[in-house]
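Quick notes on the structure that follows.
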Amino acid sequence: MTADAAYRLASEGTALLWQGDYQNARQLLQAMARRIERKPRKRPASPLDAFNAHRQAQAQRARTLGMLLIPLEADYSIALRRAPEVKDACREAYGPADAGGATPSVVSLRELLGLIGAHEWRKKGVEIPALGARIHPYYGVFSPVRGEYVDLVARAPLPARSLAFDIGTGTGVLASVLAKRGVARVVATDTDARALACARENIERLGLSDQIEVIEADLFPPGRAPLIVCNPPWLPARPSSPIERAIYDADGGMLRGFLDGLAAHLEPGGQGWLVLSDFAVHLGLRSADALQAMIDAAGLKVIGRDDIRPMHPKAADSTDPLYHARKAEVTSLWRLGAK
């Protein structure tokens, strides 16, 4: 089958089960991707149009490339010539294979490559200069590859060193930074079981288990603290998959929940640190004054604000469809207090 024929079938919704050489399947996937990239795109009229067109194109790309399937044996091995060993990567994403009742299955090659990449990230880790160590993200847990938000938390003046809450901890990176800065006790929360396991493992690896407690909670743990930190998803849009929940927050639900509950969980004179990019403003997803209005409505005041420009490669890539918004983006740490 030619790449043109495979691309046409996949575009029409026909799945293709690959039975040949594994490396040839990778080459076919790359050829199909090149055919997607050749399609001409209309010039968007506004940043919001560009964002919507970008998400639509990404979703269509994922659907089309997801049609190329690879057979998996019951133990997650691949019975194809020149196939890599993927058992560990699959176990990390899907859980252990049940030897007693497991059956063969199929998986899209695109997803499988994502699992392999995530497995390598987990093994190698991400270097965090503020920690002088690496954080090892799990599959499906947001990786701290954008270091600017970590740097903001690493350098902001601490209001106290006795106790801090880290809301939506993910990999545990911000809780670890606070502990390394001398906060005696940090309570880190999350609702995702994979994130909770990831944070606990990273914290144990860093030798910070005596300082940091990781608990399952929807936003705030019980009690009050002099410092509460939250780095919510930055874009108020609906996630299309579980892995996008760290980026997209439908209707800004987590942001509003954090702001609305912050005053009730701060000790007198305490600070809430909101780490948020203004990328949504430049895309037209949120008005420039919306955040300040939410802060006011929650009975909060702005004590201070620290800004940093993005350092990731896309901010300098003029071919990126969202380049102008990325170029203008600023990530801020808002230091908030109760009125």
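Out of Ala59, Ala93, Ala83, one residue alone is in contact with a helix residue (DSSP H, G or I) (Cβ under 7 Å, 6 or more places away or on another chain) and either outside any loop (DSSP other than H, G, I, E, B) or under 30 Å from Gly182 (Cα atoms) (or both). It is Ala93.
All of Ala179, Ala184, Ala197 fail the test of being crowded, with 19+ Cβ neighbours inside 10 Å and either under 24 Å from Leu259 (Cβ atoms) or in the same structural domain as Gly253 (by TED's automatic domain parsing) (or both), apart from Ala179. Within segment 293-339, if we keep just the residues that are among the hydroxyl-bearing types (Ser, Thr, Tyr) and closer than 29 Å to Leu266 by Cα, the residue that is surrounded by the most Cβ atoms within 10 Å (Cβ to Cβ) turns out to be Thr331.
Residues in segment 203-241 that are touching a Pro at 6+ places or on another chain (Cβ under 9 Å) and either touching a residue at least 40 places away in the same chain (Cβ under 8 Å) or outside the structural domain of Leu276 (by TED's automatic domain parsing) (or both): Arg224, Pro226, Leu227.
Here Phe142 clears all of (1) hydrophobic (A, V, I, L, M, F, W, C); (2) without any contact (Cβ under 8 Å) to a residue 60 or more places away in the chain; (3) closer than 28 Å to Pro222 by Cα except the condition numbered (2). No other residue among Gly20, Gly13 is loosely packed, with under 13 Cβ neighbours inside 10 Å, on the phi > 0 side of the Ramachandran plot and more than 26 Å from the chain's Cα centre (by Cα) apart from Gly13. The set of residues from segment 280-299 being out of contact with any helix residue (DSSP H, G or I) (no Cβ under 6 Å at 6 or more places or on another chain), free of Cβ contacts under 8 Å to residues at least 60 places away in the same chain and either of a type in the set (Asp, Glu) or closer than 23 Å to Ala50 by Cβ (or both) comprises Ala280, Val281, Ser287, Asp289, Ala290, Leu291, Asp296.
Cβ-Cβ contacts under 6 Å between residues 6 or more apart (or on different chains), taken from a first residue in segment 73-88 that is within 15 Å of Trp18 (Cα to Cα) to a second residue that is of a type in the set (Ser, Thr, Tyr) and surrounded by 14 or more Cβ atoms within 10 Å (Cβ to Cβ), are listed as Leu80/Tyr22; Arg82/Tyr22; Ala83/Tyr22. In this entry, Asp151 passes the filter for residues that are in contact with a strand residue (DSSP E or B) (Cβ under 8 Å, 6 or more places away or on another chain), outside any strand (DSSP E or B) and in the same structural domain as Val214 (by TED's automatic domain parsing). In summary, Pro104 fulfils each of the numbered conditions (1) in contact (Cβ under 8 Å) with a residue 24 or more places away in the chain; (2) within 17 Å of Cys198 (Cβ to Cβ); (3) surrounded by fewer than 19 Cβ atoms within 10 Å (Cβ to Cβ) with the single exception of condition (2).
Would you mind finding the one in Leu69, Leu29 that is assigned to a helix (DSSP H, G or I), surrounded by 12 or more Cβ atoms within 10 Å (Cβ to Cβ), at pLDDT 95 or above and in contact with a strand residue (DSSP E or B) (Cβ under 6 Å, 6 or more places away or on another chain)?
Working: Leu69 fails: assigned to a helix (DSSP H, G or I).
The match here is Leu29.
Residues that are over 24 Å from the mean Cα position of the chain (by Cα) and either part of a strand (DSSP E or B) or under 19 Å from Ala53 (Cα atoms) (or both): does segment 318-330 have at least one? No, that holds for no residue.
One line per residue, one yes/no per condition, for (1) assigned to a strand (DSSP E or B); (2) in contact with a His (Cβ under 9 Å, 6 or more places away or on another chain); (3) farther than 18 Å from Thr169 by Cα:
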| site | (1), (2), (3) |
| --- | --- |
| Gly253 | no, no, no |
| Phe258 | no, no, no |
| Ala264 | no, no, yes |
| Pro268 | yes, no, yes |
| Gln271 | yes, no, no |
| Leu276 | yes, no, no |
| Arg286 | no, no, yes |
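Pairing each residue of segment 320-338 that is within 24 Å of Leu300 (Cα to Cα) with any residue that is part of a helix (DSSP H, G or I) and at pLDDT 85 or above, provided the two are 6+ apart or on different chains, yields C-beta distances under 6 Å for Thr331/Glu148; Thr331/Tyr149; Leu333/Leu152; Ala338/Ala263. The condition (being closer than 16 Å to Arg200 by Cα, surrounded by fewer than 18 Cβ atoms within 10 Å (Cβ to Cβ) and basic (Lys, Arg)) is satisfied by just one residue among Arg134, Arg122, Arg161, Arg155: Arg134.
The values are calculated or read from the model by the stated rules, or taken from the named source; none is laboratory data. These figures come from a predicted structure and were not determined experimentally. Quick reminder, even Gly has a Cβ in these numbers, built from the backbone with ideal geometry, and neighbours come from all protein chains shown.
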